[in-house]
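Written out below as structure tokens is the structure these notes cover.
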Amino acid sequence: VQLQASGGGLVQAGGSLRLSCRASGRAVSNNGMGWFRQAPGKERHLIAAISWRGDSTYYTDSVKGRFTISRDNSKNTVYLQMNSLRPEDTAVYYCAAARTAGWASETYGYRYWGSGTQVTVSS
């Protein structure tokens, strides 16, 4: 499975971006999916996740109410809509496919990883 994340870029504080993560090589419609981010000098951590059917989602506290994760299994794609962006959201964002149908909170719960897309929020 190859995961390709896209949609990152430079945006002013308060702006929006929509990240996409498209899987190829094999469908991930039966896998939970997650979005992680890693800021310079910090560990990679989970910010949003979704189960294979989309009926269960997770958001870390800092993005609740601002970010929305969704998926379109017919397109083998997962999205992260990011609104009201803040400078502290600046990071490299990674998508990942979980080892199970549900989502996992730790990196070891994910089997496949995308290459990352840079999000930079200016103040």
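The values are calculated or read from the model by the stated rules, or taken from the named source; none is laboratory data. Treat the numbers as computed from the prediction; the structure is a model and nothing was measured. For neighbour counting, all protein chains shown are included, and Cβ atoms are generated from backbone atoms with ideal geometry for every residue, glycine included. Surface areas here come from the heavy atoms of the whole protein model, side chains and all, with no ligands, DNA or RNA. Shrake-Rupley method; radii C 1.70, N 1.55, O 1.52, S 1.80 Å.
Under the condition of being closer than 13 Å to Trp113 by Cα and either in a strand (DSSP E or B) or of a type in the set (Val, Ile, Thr) (or both), which residue from segment 33-44 is most open to solvent (accessible area, probe 1.4 Å)?
Only one residue tops the list, namely Arg37.
Can you confirm whether Leu80 is of a type in the set (A, V, I, L, M) and within 15 Å of Leu3 (Cα to Cα)?
Criteria met by Leu80.
If you check Tyr112 against the conditions, is it buried (at least 20 other Cβ atoms within 10 Å of the Cβ) and of a type outside the set (Val, Ile, Thr)?
No, not satisfied.
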